[in-house]
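The values are calculated or read from the model by the stated rules, or taken from the named source; none is laboratory data. These numbers come from a predicted model, not from an experiment. Backbone-built Cβ (ideal geometry, glycine too); neighbour counts: all protein chains shown.
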C-alpha cells in the first residue's frame with residue numbers, strides 16, 4: 001500500500017485487481033476463502049476511508065483522487081488531459097493498423113500514423129512508442145507478431161500455473177505464483193503505460209521467467225530426496 005501511495009499511478013490499481021483475481025484462481029479452496037475474507041475486511045476499511053476523505057484535498061486523500069479522476073474526470077485537470085492524449089494515441093494506432101499492413105505490421109523502425117496530431121511532449125520517441133504498448137505490438141508486428149507475442153506469454157503463464165500445482169515446498173510455490181502474477185500485471189499495466197520498453201521492469205520480469213526451469217529442477221531434487229528418505 002505504501003508503494004501505491006508513493007507511486008501515484010492509476011495503472012497500478014488496474015494491475016492490482018487483475019493480479020489479485022489471478023492469485024485467487026490459483027489458490028486452494030480453503031486458501032481462497034481466507035483471501036476473500038481478508039479482501040472483505042479491506043473493502044470495509046476502504047469504504048470508511050472513502051467516506052472520510054471523499055472531498056478532502058489532503059495528501060492522505062491522493063489515492064482516492066486518482067480513482068475519482070478516472071470515474072468523473074475534471075476537464076481542466078492534468079489527468080484528464082493525460083487520458084485525452086492516450087485516447088488520441090489509441091485512435092492513431094487503430095488507424096495505422098487499419099490503413100497499413102495489419103498482417104505483418106509496419107516494423108519497429110517506422111512511425112505510426114498521427115491522424116490526430118499529438119501535442120509536443122518531451123519524449124523523442126513519441127511517434128514510435130505510444131503509451132499503449134499492447135496495441136503498439138500489433139502496429140509494429142501485425143497480427144502474426146501479435147499472436148506470437150501472446151502465445152509466448154500465455155505459454156509461460158500456463159506452464160507456471162501447471163508447475164504451481166505440482167510444487168510442495170511453500171517457498172517454491174510462493175515464487176511460482178509471483179511469476180504468474182508478475183507476467184499478468186506487466187501485460188495489464190503495459191496497456192496503459194510505457195512498460196514493455198521500460199528496461200527495469202523487463203529485466204525483473206525476464207529474471208523471474210528464467211526461474212521457471214530452476215523451480216522445476218529444485219522440485220525434482222526435493223521430491224527425489226523425500227522419496228529417498230521414505231525408502232530409508
Worksheet, complete the sentence: residue 219 passes all but one of the listed conditions (1) closer than 17 Å to residue 19 by Cα; (2) surrounded by 17 or more Cβ atoms within 10 Å (Cβ to Cβ); the exception is number (1)
Worksheet item: Could you say whether any residue in the range 7-17 is in a helix (DSSP H, G or I), out of contact with any helix residue (DSSP H, G or I) (no Cβ under 9 Å at 6 or more places or on another chain) and either under 25 Å from residue 190 (Cα atoms) or at pLDDT 85 or above (or both)?
Response: yes
Worksheet item: Where residues in the range 36-61 are surrounded by 14 or more Cβ atoms within 10 Å (Cβ to Cβ) and in contact (Cβ under 8 Å) with a residue 12 or more places away in the chain, which of them is farthest from residue 83 (Cα to Cα)?
Response: 49
Worksheet item: Which residues, counting only those in the range 18-56, are closer than 28 Å to residue 131 by Cα and out of contact with any helix residue (DSSP H, G or I) (no Cβ under 7 Å at 6 or more places or on another chain)?
Response: 20, 21
Item to complete: Restrict the check to the range 200-213 and report whether at least one residue is part of a helix (DSSP H, G or I) and more than 30 Å from residue 9 (Cα to Cα).
Response: yes
Worksheet item: For the range 155-185, what are the residues that are without any contact (Cβ under 8 Å) to a residue 24 or more places away in the chain, closer than 30 Å to residue 108 by Cα and surrounded by 17 or more Cβ atoms within 10 Å (Cβ to Cβ)?
Response: none
Response to the item:
Exactly one of 137, 129 is within 30 Å of residue 213 (Cβ to Cβ) and either crowded, with 19+ Cβ neighbours inside 10 Å or touching a residue at least 60 places away in the same chain (Cβ under 8 Å) (or both), and that residue is 137
Worksheet item: Does the range 73-88 contain at least one residue that is part of a loop (DSSP other than H, G, I, E, B), at pLDDT below 90 and surrounded by 15 or more Cβ atoms within 10 Å (Cβ to Cβ)?
Response: yes
Practice prompt. Confirm whether residue 189 is more than 20 Å from residue 94 (Cβ to Cβ) and surrounded by 14 or more Cβ atoms within 10 Å (Cβ to Cβ).
Written response: yes
Worksheet item: Going by the structure shown, is residue 120 surrounded by 12 or more Cβ atoms within 10 Å (Cβ to Cβ) and out of contact with any strand residue (DSSP E or B) (no Cβ under 7 Å at 6 or more places or on another chain)?
Response: no
Practice prompt. With respect to residue 101, determine if the residue is modelled with pLDDT of 95 or more and more than 30 Å from residue 181 (Cα to Cα).
Written response: no
